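The values are calculated or read from the model by the stated rules, or taken from the named source; none is laboratory data. These numbers were taken from a predicted model, which means no experiment stands behind them. For accessibility, only protein heavy atoms count, side chains too; no ligands or nucleic acids. Shrake-Rupley method; radii C 1.70, N 1.55, O 1.52, S 1.80 Å.
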Amino acid sequence: MEKAKLAVGTWIRLMKSYNLILRRTRRRIKECTLSQFDVLAQLERHPEGVTFSELSKELLVTAGNLTGVVDRLEKSGLVVRSSVPTDRRSVLLRLTEKGDTLAKRLIARHRRDLKFVFSVLTEEELVQLRNLLDKLQQALEEEK
C-alpha cells in the first residue's frame, strides 16, 4: 500500500478512536465538563499548585482559554487562586479539599473506563501502541 494512503487511513482510525473514547468519557463524567475534568486532573497531580502558564502548557491550550474554565471551578468551590510570593503577576491554582475529593473520584472512574476501553488489546499490544504513539509524539515535538 502507498505510504501516503496508509498514513491517511491511520490518521482516520486514530481520530475516530479518539472521538469514540471522548464521547464515552463525556457520557461518564457528569459532574463537570471535560475541560474542567482536565484541569482538575492536572491540579490533582500538583498539590503544591501550578500557575496558569504551567497549566496551559500541560493541557496544550492558551492561558486565556483556561480563564473561563477556572472561573467556573472556583465559583463551584473546587479550585482556589492565590498569588505567587516571588512573582505577584502570576497566579497559583490549587484544588480545594472539595476539588481534590471530586478529582480523585473522577480520575479513579476514568482509569476504570480506560482499562475497559483498552481491554480489547493485550498488555503487549497496549505497550506497543503506547511506544508507537510516543515515537510519533517525540518526532512532532522535535519538529517545532
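What to note about this one:
- Built amide H within the under 5 Å cut-off of residue 46, gap 5+: none
- Computed from phi, the 3J(HN,Hα) profile of the range 37-52 under the Karplus parametrisation 6.51, -1.76, 1.60 (θ = phi - 60°) reads 4, 4, 5, 4, 5, 5, 5, 5, 6, 10, x, 6, x, 9, 7, 4 Hz, with x in place of Gly and Pro.
- Measuring nothing but protein heavy atoms, the accessible surface of the range 1-139 at 1.4 Å probe radius is 56 percent carbon and sulfur.
- In the chain, lysine pairs with alpha-carbon atoms under 17 angstrom apart (chain gap of 8 or more, or interchain): 7
- Close amide-amide hydrogen proximity is noted between residue 92 and 82, 83, 84, each under 5 Å apart and 5 or more residues distant or on a separate chain (H modeled in the peptide plane; Pro and chain starts excluded).
- The angle between the Cα long axis of helix 97-117 and the longest principal axis of the Cα atoms of the chain comes to about 10 degrees, rounded to the nearest 10.
- From the coordinates shown, Rg/Rh (Cα atoms, Kirkwood Rh) corresponds to which of (i) 1.04; (ii) 1.13; (iii) 0.94: (i)
- GNM flexibility winner over the chain from 126, 66, 114 (Cα, springs under 10 Å): 126
- Along the range 81-96 the Karplus relation, 6.51 cos²θ - 1.76 cosθ + 1.60 evaluated at θ = phi - 60°, assigns HN-Hα couplings of 9, 8, 7, 8, x, 8, 8, 5, 7, 8, 10, 9, 10, 9, 6, 7 Hz to successive residues, with x for each Gly and Pro.
- Given a 1.4 Å probe and the protein chains as shown, residue 105 ends up with an accessible area of around 120 Å².
- 31, 97, 141, 2, ranked by accessible area, largest first (probe 1.4 Å): 97, 2, 141, 31
- The mean accessible area for residues of the chain, using a 1.4 Å probe and ignoring ligands and nucleic acids, is 76 Å² per residue.
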